[in-house]
């Protein structure tokens, strides 16, 4: 009984702390998730710098470009419209989704979340009421509250449906899409985090530099990720990806630009300004320090 009341008290204290001082709450989460205190005065590694930037940087652009719908306009404005999946529709309410106008295969998601993607390969087999209910629930969530990413809460939520990119058209043998996540730090594309063999509960991670040298020592096994000693084939469009990533990152001190490759052609997935919310536990400390050293903050 005492433990129950202690949990209730702790819950309300943390809720109060988050509402009144998000930065202090971020510090509490940092210590809880990573086992050490954050150095707000002298941030060093990429986790510390991402958290510092959340509260000491103009994040208005983050809000615009983390929006998976508005991000498309930005990508198109730089001449990369052909490197986006086809947009089939956008709806502010789940009840307004025009299912009859969607093709047999598509991908559906909200514009302000992460990981809650519905992949439809055959609309005739889709449980439309269940998907609609899921989208309605996601639209009501404040994604930015989860891990203290305030810029997400300024996004006007909506549902979008896009082209299904077929994994069978990759140069990697896989039933799921491979993510090529390019770290752009202070205007330079530095490293690529590759996510493969993704399931609902896990994925495989590997790190490469821009010359496709492999660094297995930079990733750590966790409860939600595995690592590999097998080097994946270099994407055919890597040079194009690197060029696009730098242009898309603009003048931001750090951003992760995510791509897929289908038929040798890169497709922009999203721009992420708070990768892992600044709580990476799957990078070695050496790699966290390397990324941090290349991210210049003012």
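Read-outs throughout are calculated quantities, based only on the coordinates presented, and are distinct from any laboratory measurement. All values derive from a computational prediction rather than experimental measurement. As a convention, Cβ positions derive from the backbone with ideal geometry for all residues, glycine included, and neighbour counts pool all protein chains shown.
Annotations
- Of all the options 225, 169, 201, the one that moves most in a Gaussian network model of the chain with Cα springs shorter than 10 angstrom is 201.
- Per-residue Cβ neighbour counts within 10 Å put 261, 163, 73, 100 in the sequence 100, 73, 163, 261, beginning with the fewest.
- Residues 116, 92, ranked from the fewest to the most other C-beta atoms within 10 Å, line up as 92, 116.
- Here is the P(r) of the chain: all C-alpha pair distances, binned every 5 Å from 0, give 1, 5, 11, 15, 17, 18, 15, 10, 6, 3, 1, 0, 0 in whole percents.
- Taking every DSSP helix (H) stretch of at least 4 residues in the chain, weighting each as -39,500 (n - 2.57) and dividing the sum by the residue count yields a mean residue ellipticity at 222 nm of -10000 deg cm²/dmol.
- Euclidean distance between Cα centres, region 192-233 to region 108-169, Å: 25
- Taking 72, 101, 247 and counting other C-beta atoms within 10 Å, the order from fewest to most: 101, 247, 72
- Across the chain, the mean sequence separation of Cα contacts (distance under 8 Å, 6 or more residues apart), normalised by length, yields a relative contact order of 21 percent.
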